[in-house]
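Asks: Encoded as structure tokens, here's the structure I'll be asking about.
The values are calculated or read from the model by the stated rules, or taken from the named source; none is laboratory data. Model, not experiment: these values are computed from the prediction. Positions of Cβ are backbone-derived with ideal geometry, glycine not excepted, and every protein chain shown enters the neighbour counts.
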């Protein structure tokens, strides 16, 4: 019988020494994490957006799984975004593993830069109001940053006690160096932000084909437990819905690119019927911007403040 898990705040044991930490509502910054335990060995999949949130999670893991923060052997960061890395330093004894591409991203986008955005929010008009709305709950003055101490490219195999764990690099997609954490014997995969469930995927990097292929790879695993980076624990049907969104937005953006519409015009014009219940629909702006750069072969990235201004405008338009 297929098992389901409630999307409730806290630590959920999924079986045989594996746990998922879930944070509703799964929107901006409210990310998930995972824990793999076998004997006296442990691996933490991601930390959270600030030290306070991460400490609450680690305390729960100590209480429920008997693994104290200082005893965690390994932290794997699925990608570079701060809501999956900013508590690394609380695991004082852990080796921190990430893809080489993610490690480079972490070095170039620091917690101090994030705090700088928030400090300047009052001067950024609607973009600043939007930043305070989505990131206001987090304390960027209390960060426990720890950069990767080990990096890899491609795939990496690890042992957690007797458990075989596979790290599979599928980026660039959401970010430049996305990694899946797969426990084959337990039919479980932690996907990082390759999966947003009941929330709108966010394509910082692309290309979209890599992300679509990553979804195919997850489906092929035939896992019983699929823990996304944001949102509730899911199954293959949930993965297919993410894939359907990506395919749909790619096709719709291509039509508007070929017709000469701007990124803003295209983002406002694309109907999200069929995905309208998903949170953070305004991320269509970033997705269209990334797709347009892919279609044109442009290098570099769009100014971050400009993207948040566009998302603020789209959210305001959606709310009427």
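Asks: If you take the residues of the range 4-32 that are in contact with a strand residue (DSSP E or B) (Cβ under 8 Å, 6 or more places away or on another chain) and within 11 Å of residue 225 (Cβ to Cβ), which of them is surrounded by the most Cβ atoms within 10 Å (Cβ to Cβ)?
Replies: Going through the qualifying residues, I end up with 18.
Asks: Here's something else I'd like to know. Looking at 193, 216 in this structure, which one is touching a residue at least 12 places away in the same chain (Cβ under 8 Å), crowded, with 24+ Cβ neighbours inside 10 Å and in a helix (DSSP H, G or I)?
Replies: Among 193, 216, only 193 is touching a residue at least 12 places away in the same chain (Cβ under 8 Å), crowded, with 24+ Cβ neighbours inside 10 Å and in a helix (DSSP H, G or I).
Asks: Answer with yes or no whether residue 181 is part of a strand (DSSP E or B), in contact with a helix residue (DSSP H, G or I) (Cβ under 9 Å, 6 or more places away or on another chain), touching a residue at least 40 places away in the same chain (Cβ under 8 Å) and over 21 Å from residue 253 (Cβ atoms).
Replies: The answer is yes for residue 181.
Asks: For residue 75, work out the one condition from (1) over 15 Å from residue 34 (Cα atoms); (2) buried (at least 19 other Cβ atoms within 10 Å of the Cβ); (3) touching a helix residue (DSSP H, G or I) at 6+ places or on another chain (Cβ under 7 Å) it doesn't fulfil.
Replies: For residue 75, the failing item is (1).
Asks: Taking residue 128 and the conditions (1) in contact with a helix residue (DSSP H, G or I) (Cβ under 6 Å, 6 or more places away or on another chain); (2) in contact (Cβ under 8 Å) with a residue 24 or more places away in the chain, which numbered condition does it fall short on, given that it satisfies the others?
Replies: The failed condition is (2).
Asks: When residues of the range 161-178 are filtered for being surrounded by 19 or more Cβ atoms within 10 Å (Cβ to Cβ), out of contact with any helix residue (DSSP H, G or I) (no Cβ under 7 Å at 6 or more places or on another chain) and more than 24 Å from residue 238 (Cβ to Cβ), how many remain?
Replies: Of the residues in the range 161-178, 0 are surrounded by 19 or more Cβ atoms within 10 Å (Cβ to Cβ), out of contact with any helix residue (DSSP H, G or I) (no Cβ under 7 Å at 6 or more places or on another chain) and more than 24 Å from residue 238 (Cβ to Cβ).
Asks: Just to confirm my filter: which helices (runs of 4 or more DSSP H) fall fully inside the range 69-162 and include at least 1 residues that are at pLDDT 95 or above and in contact with a strand residue (DSSP E or B) (Cβ under 7 Å, 6 or more places away or on another chain)?
Replies: So the answer is 100-108.
Asks: Which residue, of 251, 237, 267, is outside any loop (DSSP other than H, G, I, E, B), without any contact (Cβ under 8 Å) to a residue 12 or more places away in the chain and under 23 Å from the mean Cα position of the chain (by Cα)?
Replies: Among 251, 237, 267, only 237 is outside any loop (DSSP other than H, G, I, E, B), without any contact (Cβ under 8 Å) to a residue 12 or more places away in the chain and under 23 Å from the mean Cα position of the chain (by Cα).
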